[in-house]
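K.L.:
Sending over a structure as structure tokens; questions will come in a sec.
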Amino acid sequence: MTIAMQRWTRLVACALAVAAVALGAGQMQAQDKLAAAPPVTYNNRYEVYGGLNYQNDQAGQNLPKRVNLAGVEALGTYWLTGHLGIGADFRGEAGTTAVFPNTDPSKPVVVLYTGMLGAQYRGPKNQRAALNYHAYVGVSHGVFNETARQDEFIGLYTNRTKPIGAFGASIDFNRSRNVAIRVSPDLIIEHFGTEYREFVSISLGVIYRFGRR
């Protein structure tokens, strides 16, 4: 098992554990002041999500260290049924990366712009929380010379657009019928180099449900 898979497995295991506690406490939500006021019906047609996102990646095929990227995520979901929805996801992230030793001690900034389409499946749910699963695929455009010419640093990718996928789960903590706090870990699979590589990401933000299905 790769390091990315191990990290993703731990993130999902934590999310599922939290989900189990939250969903298991559904019968007690009437006494819980933190639970959303009923009814949370999940009969919405649309859902929008906005949050902060962290992702680790690699800015060059053979660079010895990975880059930590931070940015934003926006997701729109159209629910076909009470369980199945289609989603469009956008992420923009940036971070500094280590490069091979050279005469310049500074670290260049790299930026990723990612757009994906896919499906979301709503699993166990109650008044307090809902557990969701998702799979998105699309492309990511990497800008690896954001702060300097690429020939000034050794080992960086050239600017390019490549396939990418995000596969994971999320848990929504309901604050009201329409608003919830979401935590969402992902396994990221990208192809900036000569092979598909695995990384992890996690986002935290707010969803808003609207429209009656």
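The values are calculated or read from the model by the stated rules, or taken from the named source; none is laboratory data. This structure is a prediction, so every number in the text was calculated from the model and none was measured. Note that each Cβ is placed from the backbone with ideal geometry, even for glycine, and that neighbours are counted across all protein chains shown.
K.L.:
Among the candidates PHE173, PHE153, PHE144, single out the residue that is under 18 Å from VAL48 (Cβ atoms), over 14 Å from the mean Cα position of the chain (by Cα) and surrounded by 15 or more Cβ atoms within 10 Å (Cβ to Cβ).
P.N.:
PHE173
K.L.:
Which count do you get for residues in the stretch 189-212 that are among the small types (Gly, Ala, Ser) and out of contact with any strand residue (DSSP E or B) (no Cβ under 8 Å at 6 or more places or on another chain)?
P.N.:
1
K.L.:
Taking PHE199 as meeting all but one of (1) modelled with pLDDT of 95 or more; (2) under 30 Å from ARG45 (Cβ atoms), write down the number of the exception.
P.N.:
(2)
K.L.:
If you don't mind, there's one more thing I want to ask. Quick check on the stretch 51-89: of everything there that is part of a strand (DSSP E or B) and out of contact with any Phe, Trp or Tyr (no Cβ under 8 Å at 6 or more places or on another chain), which residue is nearest to ILE181 (Cα to Cα)?
P.N.:
Top of the filtered list is GLY51.
K.L.:
Okay, moving on. Answer with yes or no whether ALA130 is in a strand (DSSP E or B), more than 16 Å from the chain's Cα centre (by Cα) and of a type outside the set (Phe, Trp, Tyr).
P.N.:
So ALA130 fits the description; yes.
K.L.:
Just to verify a result, which residue in the stretch 176-213, among those that are among the basic types (Lys, Arg) and closer than 19 Å to VAL48 by Cβ, is surrounded by the fewest Cβ atoms within 10 Å (Cβ to Cβ)?
P.N.:
That would be ARG212.
K.L.:
A further question on this structure: Pick from SER176, SER184, SER170: which is hydroxyl-bearing (Ser, Thr, Tyr) and at pLDDT below 95?
P.N.:
Going through SER176, SER184, SER170 in turn, just one is hydroxyl-bearing (Ser, Thr, Tyr) and at pLDDT below 95: SER176.
K.L.:
Please find, within the stretch 107-124, the residue that is nearest to the chain's Cα centre (by Cα) out of those that are at pLDDT below 95 and assigned to a strand (DSSP E or B).
P.N.:
By that ranking, first place goes to VAL110.
Table: residues versus (1) in a strand (DSSP E or B); (2) among the aliphatic types (A, V, I, L, M).
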| position | (1), (2) |
| --- | --- |
| GLY165 | yes, no |
| SER176 | no, no |
| ARG182 | yes, no |
| ILE188 | yes, yes |
| GLY193 | no, no |
| GLU198 | yes, no |
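Here is a yes/no grid of residues against (1) among the aliphatic types (A, V, I, L, M); (2) touching a residue at least 60 places away in the same chain (Cβ under 8 Å); (3) surrounded by fewer than 16 Cβ atoms within 10 Å (Cβ to Cβ):
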| position | (1), (2), (3) |
| --- | --- |
| GLN58 | no, yes, no |
| GLY71 | no, no, no |
| GLY82 | no, yes, yes |
| GLY85 | no, no, no |
| MET116 | yes, no, no |
